Number of protein chains: 2
Amino acid sequence: MSNKLPSISDAEWEVMNVLWEKSPQTASGVISSLQEQTDWKPKTVRTLLDRLAQKKVIGVNKDQKVYTFFPLYSRDECQQAEAKSFIKRIYGGTLKSMLVQFMQEDSLSEEDIKELRSILDEKSEKKRTK
Amino acid sequence: MSNKLPSISDAEWEVMNVLWEKSPQTASGVISSLQEQTDWKPKTVRTLLDRLAQKKVIGVNKDQKVYTFFPLYSRDECQQAEAKSFIKRIYGGTLKSMLVQFMQEDSLSEEDIKELRSILDEKSEKKRTK
DNA sequence: ATGTATGGATTACAAATGTAGTATTTTATT
DNA sequence: AATAAAATACTACATTTGTAATCCATACAT
């Protein structure tokens with residue numbers, strides 16, 4: 001356990017996002033997707049894919065003549081990992097302080113708030129009955 | 001406005017945290033603080049201070065014989081900035097998705113939950129009456 | 001069969017980061 | 001004042017990241 005997953009850089013995250021959307025995908029598939037959102041040259045994307053594969057964050061299927069790439073970790077796992085280190089770094093490890101700050105943010109809709117509140121309710125419910 | 005503050009690296013954040021705790025401080029003050037928490041050599045800390053000064057994230061008072069360093073931005077500002085780019089990167093920009101995930105985390109106490117809920121309440125109250 | 005385009009492998013190179021070391025200038029001590 | 005100790009300044013060097021280009025092999029079109 002505690003399979004520490006390698007760190008994913010900013011640019012690499014973009015690539016991962018594409019693969020989490022749909023996978024497996026060929027390099028050119030990924031390249032097209034990214035050409036819409038970024039102005040990276042194809043070779044750049046290719047490099048990022050290669051690096052991710054080296055780091056074992058994505059896998060490569062070499063059975064066909066054209067390789068396909070696919071994530072080895074779920075988006076959720078990666079988010080969790082990143083988030084954990086982020087919180088530790090920026091908020092001295094206390095989750096609450098961060099939540100407090102973010103919840104002040106204005107981009108939350110009434111709907112969002114409702115949903116968040118229900119999650120909290122559920123949580124404290126579970127805690128109480130445990 | 002929109003004074004974009006420079007990016008602060010992982011190691012630099014440690015230094016900033018020390019300065020936000022107390023400032024101004026001399027280099028050796030910062031070094032001592034960090035020697036407790038990390039195993040960085042004094043020169044390493046010094047380099048970090050210099051880089052932060054170069055980047056204009058901290059200021060240097062050179063009036064005394066021994067320089068003192070102090071933050072040029074509040075911790076809050078820096079957290080906000082980091083957090084914004086973090087969310088964008090990891091959560092595709094949607095704040096809520098992140099909050100949802102974090103609130104699932106188990107490290108929140110009953111007390112924390114209460115506080116968070118009251119923040120939400122306040123928020124939706126404000127929204128409604130606006 | 002031959003050129004051409006496409007994919008894969010290898011290489012490049014600057015900036016940022018982690019992690020200091022060396023050299024020089026001040027300051028403090030005797 | 002001379003020397004030691006401490007600060008400051010400057011330099012170093014490997015790794016990671018952003019951003020590709022070049023070179024080689026192969027598949028496709030003619």
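FYI, it's all coordinate maths here, none of it is from the lab. Everything quoted here is computed from the prediction, not taken from an experiment. Virtual Cβ from ideal backbone geometry, glycine too; neighbours counted across all protein chains shown.
How many Cβ atoms of partner chains, on average, are near each residue of A:69-81 if near means within 10 Å of its Cβ?
Going residue by residue through A:69-81 and averaging, the value is 1.
Could you work out which residue, out of B:39, B:76, B:112, moves most in a Gaussian network model of chain B, that is, has the largest mean-square fluctuation with Cα springs under 10 Å?
Between B:39, B:76, B:112, it is B:112 that shows the largest mean-square fluctuation.
Where the eigenvalues come from the Cα gyration tensor of the protein assembly as shown, what are the semi-axes √(5λ) of the equivalent ellipsoid, largest first, in whole Å?
One finds semi-axes of 34, 29, 18 Å for the protein assembly as shown.
Based on alpha-carbon atoms only, what is the radius of gyration of region A:10-71 relative to the globular estimate 2.2 N^0.38 Å?
Taking N as the residue count of region A:10-71, the ratio is 0.98.
Just need the relative contact order of chain B here, percent rounded to a whole number, with Cα pairs under 8 Å and 6+ apart.
Once divided by the residue count of chain B, the mean separation gives 21 percent.
Using a 7 Å offset from Cα along the direction of the beta-carbon, what are the separations from residue A:127 to the same position in each other copy, nm, ascending?
Ordered by increasing distance: 2.3 nm.
Averaged over every viewing direction, what's the projected area of the C-alpha convex hull for chain A? Give it in nm², one decimal, please.
11.4 nm²
What average number of partner chain Cβ atoms lie no more than 10 Å from the Cβ of the residues making up B:97-108?
Whole-number average of other-chain Cβ neighbours for B:97-108 is 6.
Can you list, largest first and rounded to whole Å, the semi-axes you get for region A:37-94 by taking the square root of 5 times each eigenvalue of its Cα gyration tensor?
29, 15, 9
Taking amide H atoms as placed 1.01 Å from N in the peptide plane, list the residues 5 or more away in sequence, or in a different chain, whose amide H sits under 5 Å from that of residue B:67.
The list, which skips near neighbours in sequence, is empty: none.
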